[in-house]
4 protein chains.
Amino acid sequence: MKLQKVAVVSKVGSKESEQAAKDVAKKLLAKKIITYTISPIEVEGAKKMEALEELKKENLDLVITLGGDGTTLRVFRNLENETPILTINVGGNRGILAEITIEEIDDAINQIIKDNFFLDKRTRVTASCGGKEFPPALNEIYISRANLTKTAEIEIKFQNDTVKQKMDGVIIATPSGSTGHSFSLGGPILHESLDVLIITPVAPVYRLASMVVPDERIEIICSHDCNIAIDAQVVKTAGFGESIIIKKYKKPAVFVRLKKRGLRQMSKLGF
Amino acid sequence: MKLQKVAVVSKVGSKESEQAAKDVAKKLLAKKIITYTISPIEVEGAKKMEALEELKKENLDLVITLGGDGTTLRVFRNLENETPILTINVGGNRGILAEITIEEIDDAINQIIKDNFFLDKRTRVTASCGGKEFPPALNEIYISRANLTKTAEIEIKFQNDTVKQKMDGVIIATPSGSTGHSFSLGGPILHESLDVLIITPVAPVYRLASMVVPDERIEIICSHDCNIAIDAQVVKTAGFGESIIIKKYKKPAVFVRLKKRGLRQMSKLGF
Amino acid sequence: MKLQKVAVVSKVGSKESEQAAKDVAKKLLAKKIITYTISPIEVEGAKKMEALEELKKENLDLVITLGGDGTTLRVFRNLENETPILTINVGGNRGILAEITIEEIDDAINQIIKDNFFLDKRTRVTASCGGKEFPPALNEIYISRANLTKTAEIEIKFQNDTVKQKMDGVIIATPSGSTGHSFSLGGPILHESLDVLIITPVAPVYRLASMVVPDERIEIICSHDCNIAIDAQVVKTAGFGESIIIKKYKKPAVFVRLKKRGLRQMSKLGF
Amino acid sequence: MKLQKVAVVSKVGSKESEQAAKDVAKKLLAKKIITYTISPIEVEGAKKMEALEELKKENLDLVITLGGDGTTLRVFRNLENETPILTINVGGNRGILAEITIEEIDDAINQIIKDNFFLDKRTRVTASCGGKEFPPALNEIYISRANLTKTAEIEIKFQNDTVKQKMDGVIIATPSGSTGHSFSLGGPILHESLDVLIITPVAPVYRLASMVVPDERIEIICSHDCNIAIDAQVVKTAGFGESIIIKKYKKPAVFVRLKKRGLRQMSKLGF
């Protein structure tokens, strides 16, 4: 892959990953690559973006993230197209989305330039409500009642079927998100390559299993005001009775992979 | 049981149970029983209390509740001592706490006067924080992180053991509450007579089973600000790092039972 | 669809479905359709097969089953190709695989002849061991240790990953089977149309979630002798350490559908 | 505690624990304690029992087990009274029932003689069928259908309640057994001190939660022939329709404890 324009993003508030980001930016600049950093990171010769939102304005060849999974999720949420991300684990987090450690960066850049990599495309999901589409999630959309003292009735519509029950909320997870919040609430592990979504009811009055469905339109209606958490990082709201539409996002998340390792999520399970 | 002073409580905002409460109050008055109603219910000859909080000021022989389980929970929260409750299901709710229907009221009062009943005493649980004890719960105390975008780490201490993990919250349920919120989140069903508590972790990052322990002191510490929901009706708060102490409430909830029916919660399971 | 050759199969040992099968056979014969019955059912003018195994020898246009889901599973196990089945619920079983009741048979045959139907194709799964392939399953293959006093260690290999743990067994279910044995042991509900398989561990020493994977080769190795139950109807065996290969069967199960009803399995959940 | 008569039991077929048993026997003999070994272990000066069954004939002060949890379960099954056991983990097993390692034996014997220990008494459970009582279990009684192709209907009766459903089997576990087979099938973790039993349904057609009940009589009736596994070591059988009675065993299992460690089962959960 020809690397002409690359952005480098570090974990918010982490000195360690900010320093690592500066080092990576310098390496890129030394290879005559147009390099972008995000404020407050500044590197001589690099272009500075004021906020992550600007990522989508540039026609980038690659984004390099330094931090944990939270940083990766945050970047993908701000990428509308298929710009690939190389994820570097910095800061001791588990990082099941990470591909390499900081020590492997030189080799990784060389391998990418030589086309010794593959792209790992993952389904993303997006919610919309009242005609407005919210930013996409790589892992999950978590809809939950806003008021702890009201028992909400949630309607889940898929194709011609409707499931309606009193419950605290519902999670719509992608295969990537199957080891996240959905798993914690009893959902199955899904192979990363599948084109499906998981519907995991949260605290249904009468227990209700997770359902795995094709990645088509899912409609959620909650009898009380609710919160819509996107990858547990951004929270939107919907009013009672408002229709929330969840569907596959138009573009997948794209990871640059240098190693063939099979099911990355398995590490979550101790394998 | 000699019925000298009896209070009648109806479901908030339900015309049907308000009317039923008036009818029951009149029946009691006709038997020369000192009868209390709660505002806005007024019956000629009965004494009116302005709020449920006043229940604890009178030395009542019995409280009669008309409504669903919510009404019963609300009354018990305002009873500090062992005043028994006769629960009447009014209004079509499921009412697993209810003992009789409104048609059975005359017979029920006569049976109670003739001592043809038994008392069903149930463990209650109470939380305290910062030296302040909150009202007791018949079903459960549900501690949950206040902020949907922060992953909370929750420490659960019992006797000499500590369980510490990232999770959304934790439920401490009584046997009565075992078919409620704890069940919805994967907890076991407990026989109503047991002197134990259930600790049900909510959405632990690595799945964690419910734990059943003797009804002793449990300490919960949450790494972020949290909400403390009492029987899903009243919400208190605790700051991050603050110790929340959960323990058996000094006095049980007492139900007047006219029928020997065994495990009432089983109806929840379809039996 | 032109109906030239049709077989009629009834539930084993059920007088009610045997009589219904005879009635259906007569209706088919009256339409000049070559009709097959299975011993002991005999109808004048119909051809009698001695056993279900003979179904695969004839080039049938349709098989009509009368009974519960067990009958349907049994017929599919004996069909190697894509011969469609029309399922009639007879005998009071739940029958989530059933399409019509016996009262609807005349109309159903007319609709089929007029091409007013659609074919619902479902993934099937088959196990092989020691070079021998066992009959296919519509619902699931359940591998379980043969000896109740031996703790078996089971290795599950998929693509490049291996999961290895002490457990009692493992279920490989199709989407159709997701509401069956896999569900009873904690597995998710899968939309019937998906091209995936569910791996549900049975009683793993350390709890292990169900995994949903593409319908590719899965290898199972059990440290002790084990049983291989095919749709809970036929049991084969494998020795300790022997490799059992599970994969999608070459041909799907094909149902004739007259009604568009969405997720048939939902009925299992009470919807 | 005065140690006059002590038996030493090693893991079957383990050279390592047999050698350790011999060493321990010699230490006991050197202290003038009457020492018993079990065939094939022979030590000069010690009395040899031919089989574990003979343990109950002697009025022993202590039994020392060397091996894993299987050895401990086996010994308890052959002890009818409250003879305490000191458990020594030999052979690398997890051994959540073990108290000390072989290196700690000298100190342990001295502490026991000086009364620096406490007794940890655990509820045991026993099944009887057709008037015959089977040996007791420390962990669980697991009743399972004998035939993999028959769907069994199991009736569970407790006090005045009956639960009846199609399922593969049912586990009745003690608190000690709560981290064992019952846990693997979805049951809760129970504090070791509780006087309760857990009823964990195995693969119920419609999911059914574990139930925790007082340690009273439980009756199980299976519609098909079934196996009754006692601590997964001994298997008995019952015919279809036969009543199997499970109840608390008359005498608890007694562990000698030298360390105050709280919930030993927590180690199972990674704490």
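The values are calculated or read from the model by the stated rules, or taken from the named source; none is laboratory data. Keep in mind that what you see is a predicted model, and the values were worked out from it rather than measured. With ideal geometry, Cβ positions are generated from the backbone for all residues, glycine too; neighbour counts draw on all protein chains shown. Heavy atoms of the whole protein, side chains included, go into the accessibility calculation; ligands, DNA and RNA do not. Shrake-Rupley method; radii C 1.70, N 1.55, O 1.52, S 1.80 Å.
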Going through the range C:88-102 one residue at a time, which ones are at pLDDT below 90 and surrounded by fewer than 23 Cβ atoms within 10 Å (Cβ to Cβ)?
-> C:91, C:92, C:93, C:94, C:95, C:96, C:98
Can you name the condition, by its number, that residue C:184 falls short on among (1) at pLDDT 95 or above; (2) open to solvent by 30 Å² or more (accessible area, probe 1.4 Å)?
-> (2)
Residue in the range D:168-192 that is farthest from residue D:218 (Cα to Cα), counting only those that are under 15 Å from the mean Cα position of the chain (by Cα) and of a type in the set (Gly, Ala, Ser) = D:180
Could you please give the count of residues in the range B:245-265 that are closer than 23 Å to residue B:186 by Cα and either crowded, with 21+ Cβ neighbours inside 10 Å or of a type in the set (Ser, Thr, Tyr) (or both)?
-> 3
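Pick out the one residue from A:115, A:106 that is on the phi > 0 side of the Ramachandran plot and either of a type in the set (Lys, Arg) or touching a residue at least 40 places away in the same chain (Cβ under 8 Å) (or both). Give the steps one after another, and end with the answer.
Numbers: A:106 fails: on the phi > 0 side of the Ramachandran plot.
Result: A:115 is the single residue among A:115, A:106 that is on the phi > 0 side of the Ramachandran plot and either of a type in the set (Lys, Arg) or touching a residue at least 40 places away in the same chain (Cβ under 8 Å) (or both).
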The residue from D:145, D:207, D:122 that alone is among the basic types (Lys, Arg), within 14 Å of chain B (Cβ to nearest Cβ) and touching a Ser or Thr at 6+ places or on another chain (Cβ under 9 Å) is D:207
All but one of (1) in contact (Cβ under 8 Å) with a residue 60 or more places away in the chain; (2) surrounded by 18 or more Cβ atoms within 10 Å (Cβ to Cβ); (3) of a type outside the set (Phe, Trp, Tyr) hold for residue D:208, so report the exception by its number.
-> (1)
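I'd like the full set of residues that are open to solvent by 30 Å² or more (accessible area, probe 1.4 Å) and touching a residue at least 40 places away in the same chain (Cβ under 8 Å), limited to the range A:233-244. Give the steps one after another, and end with the answer.
Initially, the range A:233-244 is screened for residues open to solvent by 30 Å² or more (accessible area, probe 1.4 Å), giving A:233-237, A:240-243.
A:233, A:234, A:236, A:237, A:242, A:243 - these are the residues of the range A:233-244 that are open to solvent by 30 Å² or more (accessible area, probe 1.4 Å) and touching a residue at least 40 places away in the same chain (Cβ under 8 Å).
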With criteria (1) over 30 Å from residue C:258 (Cα atoms); (2) in contact (Cβ under 8 Å) with a residue 40 or more places away in the chain; (3) open to solvent by 10 Å² or more (accessible area, probe 1.4 Å), residue C:135 comes up short on (1)
Do we have residue A:97 as free of Cβ contacts under 8 Å to residues at least 60 places away in the same chain and of a type in the set (A, V, I, L, M, F, W, C) here?
-> no
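Say whether the condition of being free of Cβ contacts under 8 Å to residues at least 60 places away in the same chain and more than 10 Å from chain B (Cβ to nearest Cβ) is met by at least one residue in the range D:152-165.
From the range D:152-165, those free of Cβ contacts under 8 Å to residues at least 60 places away in the same chain are D:159-165; that's our starting set.
Among the residues that remain, those that are also more than 10 Å from chain B (Cβ to nearest Cβ) are: none.
No; the residues of the range D:152-165 include none that is free of Cβ contacts under 8 Å to residues at least 60 places away in the same chain and more than 10 Å from chain B (Cβ to nearest Cβ).
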For the range D:224-271, name all the residues that are closer than 14 Å to residue D:127 by Cβ and either modelled with pLDDT under 95 or among the hydrophobic types (A, V, I, L, M, F, W, C) (or both).
-> D:226, D:228, D:229, D:230, D:232, D:234, D:235, D:238, D:244, D:245, D:246
Would you mind stating whether residue A:162 is hydroxyl-bearing (Ser, Thr, Tyr), at pLDDT below 95 and surrounded by fewer than 20 Cβ atoms within 10 Å (Cβ to Cβ)?
-> yes
Check whether at least one residue in the range D:109-121 is assigned to a loop (DSSP other than H, G, I, E, B), outside the structural domain of residue D:239 (by TED's automatic domain parsing) and open to solvent by less than 10 Å² (accessible area, probe 1.4 Å), and report yes or no.
-> no
Sole miss for residue B:197 among (1) in contact with a Pro (Cβ under 7 Å, 6 or more places away or on another chain); (2) farther than 19 Å from residue A:202 by Cβ; (3) surrounded by 24 or more Cβ atoms within 10 Å (Cβ to Cβ) is condition (1)
Scan the range A:172-197 for residues that are under 15 Å from residue A:121 (Cα atoms) and within 14 Å of chain B (Cβ to nearest Cβ) and jot them down.
-> A:177
Residues being assigned to a strand (DSSP E or B) and of a type in the set (Gly, Ala, Ser) - total across the range B:207-227 = 0
